Every structure is written in C-alpha cells, then in structure tokens.
Amino acid sequence: MTTPRIRALALCIFHHDGRILVNEALDPVTGKPFLRPIGGGIEFGETSAQAVLREVDEELGLSITDVRLLGTLENIFTYAGTPGHEIVQVYDAKFVDASVYELLHLDAQESDGAAFVAKWLALDSITGETPLVPAGLYELLKKVVLPDGCSVISNSAV
C-alpha cells in the first residue's frame, strides 16, 4: 500500500465557440462518468506551465501557444475507491494548428499508453450527471475573462 500524498497537476482548458476539449471517463468502481480537461502530473523539476506543454504533446501530439494561468484549485475526491488529494494549476492555451478546432474529436493517449478520445463538448451540456472535474473548475471558468474580453463560459451557458 502506498502512502497517501498530495499530487500536483496541470490541466489546460482549450475552448472554441462555447465548447471545451475534455476526456470523458468513468470511475471503475462506481461506474459514474466525469469530464476532465487535457493535462496531468507535474514532474519534479518542471514548472506547471512546462507540464502543460509536455502533457498536451504527450497526449495529443500537438503544439500550443499563449499558455496562461487561470487559477489554482484544491481537489479532495475518491476515484476507484481510493481517496485522492490534488493541487491543480488550471491553464488556458491555444492550439498552434487552428484546424484542430474544427475536429469533432481527437485521438489521444495517456502516458501509460492507454488510448482515449478527447472531444469538444458544449459547456451548456455539462450537468451534475457528468460533472467537470476537478471540483470547482466549472465555477472557476465562469469567473475567467480572457484577453479578448470574453468569458470562457458565457452567462447564457450557465
């Protein structure tokens, strides 16, 4: 059994036309679905911004630009029957290749080789049935104003 620890994560919000890019997954114990942005663990010796660049490259094989910190969340949860605790740096960025925004989904891969599909999901379709994680992310996105003066989540989407 491993000693419980707090895990440092960096996640990236990609948004376009009222949609965000997420991975839909299931808790293997409860069977409940959840949505999570692209990203993952921060490795020793790298900044959270460097982790976002690496994770997006590893998972999607794509380059990003305009990486900007949106905020920090603390997430205490249970997954697969095991308690977890994360400190999450949440970033916003843009894909260098603008054609990515026109795709319905992107084939992706976890660092352990497991394949998953990242899909563009309308923000107004997010419900408590399939929550956006980590806890507090949706609320953070409602507060964020982007450099162009727009919000990630418009008032009509909430």
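Every read-out reported here was derived from the displayed coordinates using simple, explicitly stated rules and does not represent laboratory data. Model, not experiment: these values are computed from the prediction. So basically every Cβ, Gly included, is an ideal-geometry build from the backbone, and we count neighbours across all protein chains shown.
Worth a mention:
- Selected from Ala25, Ala108, Ala118 as most flexible by GNM, with the chain as the system and alpha-carbon contacts under 10 Å: Ala25
- Calculated FRET value between His105 and Ala80, using beta carbons and R₀ = 25 Å, to 0.05: 0.50
- Tail beyond 24 Å, pair distance distribution of the range 7-157 (Cα, percent): 27
- Whole-angstrom gap from the range 7-53 to the range 66-117, using each part's C-alpha centre: 2
- The length gained by stretching the chain between Glu24 and Asp112 to full extension, at 0.36 nm per residue less their Cα-Cα distance, is 29.9 nm.
- Under Karplus coefficients 6.51, -1.76 and 1.60, residue-wise ³J(HN,Hα) of the range 33-40 in Hz, glycine/proline x: x, 8, 10, 9, x, 5, x, x
- Computed 3J(HN,Hα) for the range 126-133, one whole-Hz value per residue from the Karplus formula 6.51 cos²θ - 1.76 cosθ + 1.60 where θ = phi - 60°, is 6, 10, x, 5, 10, x, 8, 10, glycine and proline marked x.
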